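Just below is one structure, and these are the notes that go with it.
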There are 2 protein chains.
Amino acid sequence: MAWDTERTRQLLLDAAVIEFAAHGPEGARINRVAATAGVNKERIYQYFGSKQKLFVAVLEAELAKLAEAVPLTPTQAMDLGDYAGQVYDYHLSYPHLLRLMSWEALQDPGTEIVAESERAAHYADKVAAVSAAQKQGAVVVDPAAAYLFSAVMAITTWWFTSPQLVSMIMAGTPEDTPANRRASLMQLVGRLVGASNTVR
Amino acid sequence: MAWDTERTRQLLLDAAVIEFAAHGPEGARINRVAATAGVNKERIYQYFGSKQKLFVAVLEAELAKLAEAVPLTPTQAMDLGDYAGQVYDYHLSYPHLLRLMSWEALQDPGTEIVAESERAAHYADKVAAVSAAQKQGAVVVDPAAAYLFSAVMAITTWWFTSPQLVSMIMAGTPEDTPANRRASLMQLVGRLVGASNTVR
DNA sequence: CTAAACTCCAACTGTTCAGTTGGAAATGAA
DNA sequence: TTCATTTCCAACTGAACAGTTGGAGTTTAG
């Protein structure tokens, strides 16, 4: 058969995103990845080495896509509500990543963090941007930037990471829609950072 | 040997909390639960029926403990910052529950929610309490109570549900401690709900 | 054209796994 | 005391699993 090594690898990676997002690194099954990809499972060991290494490759690939899709710019920290809205949009249209990160969160605490140095640098940049916005008066100075940024991440991602809680909590709110969630998110982030239109 | 059926069952449940918190419903191993409990694994099938039913029993038991430890009172909605602090304290001292709920969140979306009616009623009460506080002027009226309550849950639990993100984001904040997290949490919740001391 | 290297496959290995079975030991009722 | 019931156990069953092997087929270099 005609070879297309890169295509085979990508097919496996794409299939692995689906399998790991659904079942996590321990529950995923190598034969299902191979079946979904239409590729022999021996190829997984040839290209990736092991099941856990495949999971790492999947996380690296998907994190790179997020960084590309929602890049950090200095102006974003000046409008964290809008930034939160963009991150929300990304996860709404592409739910696999937060599931993968949730599985990552639940791994053995001793597990090495995937792409840690790149991700830590990325987050350091974001926290620094928030800190700079605090100095410019666009964001309240209390609490520290890292705490503020954490809270923004928390309320942005929660809708996707706790679906069972969301369904129970929002059951009595008939006007609940993704758009209203997004609007409340942006409003609440604005309030957290002290944006002027939220002062009552 | 002297029989103590209830003790055997509780030993298995306690061992299962540890195993499911660490590995989740798919990654957990029945033989490890039995070994940790010091009980034959056949007893698991006798008392609980199956691995998944054991997971459900574990979640039910741990959720009942939370409801008992951090009960809802009407006064709590008048001070959501304090309430958030109490929930934070519970999870800080007892991290298994949020791990179990995180595994629950990642189960197949078609999976029946454990103790759904009780939990939904519990959350409905909480949202109603927030709504009442809004009417009394103790909490801002925008966005709707369910959105506010969701945001409070989000920033309270995030410290425990995203440890890898926390470690990267907080790496550049040397003054980061559980106490400072708690203090920032209460401050941010106060700001979200429009508590008077946060207006700038 | 040939041989080396590479990609890919079906079948395999050794182990693990959830769940079950047949029976031992303890308890309780008659 | 005896028998029925219950609790508990070691070993088992059937299937699943991650990872490996031997070799077929294709590509590339000489």
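Derivation of every value follows stated rules applied to the coordinates shown; laboratory data play no part. None of the values given here were measured: they were computed from a predicted structure. As a convention, Cβ positions derive from the backbone with ideal geometry for all residues, glycine included, and neighbour counts pool all protein chains shown.
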Margin query: Can you tell me which aspartates and glutamates have their Cα less than 20 Å from the Cα of B:K53? Leave out same-chain residues fewer than eight positions away.
Written below: A:E26, B:E6, B:D14, B:E19, B:E26, B:E42, B:E62, B:E104, B:D108, B:E112, B:E116, B:E118
Notebook entry, point to check: Label points 7 Å out from Cα along the Cβ direction at B:R7 and B:I113: separation in nm?
Noted result: 3.9
Notebook entry, point to check: Any idea what % of Cα-Cα pairs in the protein assembly as shown are farther than 26 Å?
Noted result: 57
Next item on the list: Determine the dipole magnitude for the stretch B:70-198: charges of +1 sit on the beta-carbon of Lys and Arg, -1 on that of Asp and Glu, nothing else is charged, the reference point is the Cα centre, and the result goes in debye to the nearest 20.
Entry: 280
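How long are the three semi-axes of the equivalent ellipsoid for chain B, computed from the Cα gyration tensor as the root of 5 times each eigenvalue, in whole Å, largest first?
Taking √(5λ) for each eigenvalue gives 36, 20, 14 Å, largest first.
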Notebook entry, point to check: When a footprinting reagent is the concern and you count Cβ atoms within 10 Å, what order do B:K65, A:K51 take, fewest first?
Noted result: B:K65, A:K51
Margin query: If the elastic network links every pair of Cα atoms under 10 Å, which of A:Q164, A:Q52, A:Q107 fluctuates the most in the Gaussian network model of chain A?
Written below: A:Q164
Check: Taking the Cα centre of chain A as the origin and placing charges on Cβ (Lys, Arg +1; Asp, Glu -1), which of A:Q164, A:P174, A:A145 is farthest toward the positive end of the dipole?
Finding: A:P174
Item checked: GNM flexibility winner over chain B from B:I169, B:I18, B:I44 (Cα, springs under 10 Å) -> B:I169
Note to self: If you build the convex hull over the alpha carbons only and average its shadow over all orientations, what do you get for the stretch A:11-93? Give it in nm² to one decimal.
What the structure shows: 6.1
